[in-house]
1. Could you count how many residues in region 405-438 are in a loop (DSSP other than H, G, I, E, B) and surrounded by 15 or more Cβ atoms within 10 Å (Cβ to Cβ)?
2. Can you tell me how many residues in region 365-382 are farther than 12 Å from Arg312 by Cα and either surrounded by fewer than 17 Cβ atoms within 10 Å (Cβ to Cβ) or assigned by TED's automatic domain parsing to the domain that holds Ala314 (or both)?
3. Name the one entry in Pro203, Pro163 that is more than 25 Å from the chain's Cα centre (by Cα) and either more than 16 Å from the ligand (Cβ to nearest atom) or modelled with pLDDT under 95 (or both).
4. For region 214-227, name all the residues that are buried (at least 19 other Cβ atoms within 10 Å of the Cβ) and over 13 Å from Pro166 (Cα atoms).
5. Taking the residues in region 34-52 that are away from the ligand (no atom under 13 Å from the Cβ) and of a type in the set (Gly, Ala, Ser) as candidates, determine which candidate is nearest to Asp98 (Cα to Cα).
6. Could you tell me how many of the residues in region 128-151 are farther than 14 Å from Phe117 by Cβ and either in contact (Cβ under 8 Å) with a residue 60 or more places away in the chain or in a loop (DSSP other than H, G, I, E, B) (or both)?
7. Return the pair list, or none, for Cβ contacts closer than 6 Å from residues in region 98-113 that are at positive phi to residues that are within 14 Å of the ligand (Cβ to nearest atom) and of a type outside the set (A, V, I, L, M), at least 6 apart or on different chains.
8. Could you please let me know if Thr385 is at pLDDT below 95, surrounded by fewer than 19 Cβ atoms within 10 Å (Cβ to Cβ) and among the polar types (S, T, N, Q)?
Amino acid sequence: MKNLRHYAAALLLLLPLGGNAQSASQAYTPTPENLQSRQEFADSRLGIFIHWGIYSLFAQGEWYLQNANLDYREYAKAAGAFYPIGFDADAWVKAIKDAGAGYVCFTSRHHDSFSMFHTKQSSYNIVDATPFKRDVLKELADACHSQGLRLHLYYSHLDWSRPEYPLGRTGRGTHRPTGQTDWPAYYKFMNAQLTELLTNYGPIGAIWFDGVWDHDSDPTPFDWQLDEQYALIHRLQPACLVGNNHHSAPYPGEDIQIFERDLPGENKAGLSGQAISKLPLETCETMNGMWGYKVADQNYKSVNTLVDLLVRAAGKGANLLLNIGPQPDGRLPEAALDRLKGIGQWMRTYGTTIRRTQAGDIPVQPWGATTRRGDTLFVHVTKVTDPAILLPLDVKVKSAVDFISREPVKFERCKAGIILDLTEVKPDPDYVIEMITK
Ligand code: GLC
């Protein structure tokens with residue numbers, strides 16, 4: 001009954017709104033539960049991204065269909081052999097929670113078009129197209145809700161298999177029939193799927209869109225009709241955050257700002273030069289080099305490197321969304337589990353120095369970063385680059401202690417700020433000084 005009401009509400013939203021599309025977004029005022037959800041999101045600082053689909057069977061990453069220019073009908077045959085016997089949602093959620101993460105973001109449908117949930121909109125899904133026949137999203141949602149982990153859902157705007165998706169700059173070699181482009185039908189399909197996702201799986205913390213960049217080289221701007229889509233999401237679940245990995249400054253109606261592979265304000269990977277907004281921030285990054293499982297990529301970052309990244313993200317007031325590509329058998333790779341364990345160990349001791357904090361008083365430095373909660377400034381030293389560091393701060397320091405031993409830490413005042421002596425400091429992988437300032 002409740003479901004039916006949701007569907008009816010969603011259908012109403014699909015009707016033309018009248019006026020231009022902007023009007024919906026300009027009217028968007030986040031509800032109190034949405035603002036609360038933003039705060040909880042920002043407070044958690046660490047999330048785990050999961051890229052899992054039938055692409056894991058090919059073990060070449062989630063772009064294999066497009067990169068190898070495969071016929072999408074041949075690729076789809078992998079579904080018939082997808083039987084991830086080792087999938088255990090409870091074990092995933094436990095490992096992710098033990099790492100100290102506040103949420104998991106799961107790929108409900110990636111660019112290849114395969115739905116990792118039981119959808120009525122296409123039989124190309126985990127229940128109807130595989131011998132496994134289990135709604136892995138339902139199992140994951142149940143595990144998240146019973147263990148108290150927020151569930152976010154990745155959803156691809158672009159599609160390399162559906163003939164009605166208007167071709168963008170990718171997926172041109174997947175042999176889709178031509179002449180069948182039908183944007184209204186595709187838009188309706190997406191909104192019907194989003195309605196299912198937001199109706200059948202309990203509270204969803206965020207919808208994480210990706211793929212708008214597929215049309216960034218169009219001669220005339222492509223109208224994704226995001227306003228109505230965002231309104232649909234907020235109508236179905238007001239607390240659900242909308243984020244979009246479009247590599248630009250946030251659009252109206254979005255609740256968080258996403259950066260890909262770079263911390264806000266950095267742009268080494270070429271996807272993240274955009275202005276930083278006042279919305280809660282999140283940077284996504286891989287543990288190795290690829291999002292989806294890639295058998296040849298065992299180049300995992302060390303626990304120390306990942307903790308350093310997490311601390312720097314927090315120092316910029318951003319969350320880290322750290323990715324794992326589960327194996328074709330449904331298990332999380334051993335190397336990823338090791339990283340989760342290492343991060344968890346750090347989080348159990350130091351989590352409070354990044355959770356419920358804001359960006360620190362000074363920009364992220366080669367030696368580390370700072371985070372702040374009220375009167376407390378946490379100085380995180382992850383690399384000793386100099387025997388002493390200068391914090392260019394114009395604040396009164398009431399006390400400075402080693403966060404672990406609670407022993408006083410020596411500091412000196414000078415005109416330019418506060419000088420900390422690091423000669424004895426050995427970060428493992430982080431050394432935290434807790435300062436009370438006025
Ligand atoms: C890129 C890739 C995609 C991946 C995403 C994660 O947009 O296209 O495969 O899911 O980044 O950030």
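The values are calculated or read from the model by the stated rules, or taken from the named source; none is laboratory data. Quantities reported herein were computed from a predicted structural model and do not represent experimental measurements. Positions of Cβ are backbone-derived with ideal geometry, glycine not excepted, and every protein chain shown enters the neighbour counts.
1. 6
2. 4
3. The unique qualifying residue is Pro163.
4. Once the filter is applied, which keeps residues that are buried (at least 19 other Cβ atoms within 10 Å of the Cβ) and over 13 Å from Pro166 (Cα atoms), region 214-227 yields Leu226, Asp227.
5. My answer is Ser44.
6. Of the residues in region 128-151, 4 are farther than 14 Å from Phe117 by Cβ and either in contact (Cβ under 8 Å) with a residue 60 or more places away in the chain or in a loop (DSSP other than H, G, I, E, B) (or both).
7. Once the first residue is at positive phi and sits in region 98-113, its partners that are within 14 Å of the ligand (Cβ to nearest atom) and of a type outside the set (A, V, I, L, M) give Ser113/Asp159.
8. yes
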